[in-house]
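Reviewing the structure listed below.
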Amino acid sequence: MSDARRTRLYKLLAVGNRELHGQRAGWCDDDYRYILQQCGATLEAGKYSAKTMTIPQLDTALARLKQLGFTVKKSASSGTGTWRAARIRKLNAMWCALADGGHVRNRSSQAMETFCRKRVPDMTRLQWATSDQLNKAIEELKAWCKRCEVET
């Protein structure tokens, strides 16, 4: 666990350095190295390195970069993910359009998910579906909408 945390902190520090370089006029690598030195880094190969720091020292350096304007953004891969949520919304919109046109009796999301599971091999839940599985489900519903002349 601490190795994963250390690796994440290294990455965040590198991204923070890069972001501050773009945000702050005059920001340079020496500024970044000075912060590392202030937070406990020691010389390695002639420069202050994050690799010589403990996890609490890395946390302190990251906090200092945040004070200077660096903001940590959540990755798109966390949770459901925006790509997955957008595709599920598309499925839901088509399902509701079919229901509004009288082609689907049960408008619920559970009914839509059951339809998708029957049409897409190995799909267990929409929230766990792969990109290919969601694309296949969308194409199935698009074809049904086209046959029924339902606008999507």
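Table for the structure above
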| quantity | calculated |
| --- | --- |
| 3 or more residues closer than 30 Å to Ala143 by Cβ, modelled with pLDDT under 95 and in the same structural domain as Thr124 (by TED's automatic domain parsing): qualifying helices (runs of 4 or more DSSP H) within segment 1-106 | 82-100 |
| Residues satisfying the stated conditions in segment 96-114, i.e. among the hydroxyl-bearing types (Ser, Thr, Tyr) and under 17 Å from Ala129 (Cβ atoms) | Ser109, Thr114 |
| Test: residue in segment 37-45 that is over 30 Å from Ser131 (Cβ atoms) and among the β-branched types (Val, Ile, Thr) | yes |
| Top-ranked residue of segment 94-106 - restricted to ones that are surrounded by 14 or more Cβ atoms within 10 Å (Cβ to Cβ) and either in contact with a helix residue (DSSP H, G or I) (Cβ under 6 Å, 6 or more places away or on another chain) or polar (S, T, N, Q) (or both), ranked as farthest from Glu151 (Cα to Cα) | Val104 |
| Index of the failed condition, Trp144 passing every other in (1) assigned to a loop (DSSP other than H, G, I, E, B); (2) surrounded by 13 or more Cβ atoms within 10 Å (Cβ to Cβ) | (1) |
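Results for (1) over 26 Å from the mean Cα position of the chain (by Cα); (2) over 30 Å from Gly16 (Cα atoms); (3) of a type in the set (D, E, K, R), shown as yes or no for each residue.
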| residue | (1), (2), (3) |
| --- | --- |
| Tyr48 | yes, no, no |
| Leu62 | no, no, no |
| Asn92 | no, yes, no |
| Cys148 | yes, yes, no |
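The values are calculated or read from the model by the stated rules, or taken from the named source; none is laboratory data. Keep in mind the model is a prediction, meaning the values are calculated, not measured. So basically every Cβ, Gly included, is an ideal-geometry build from the backbone, and we count neighbours across all protein chains shown.
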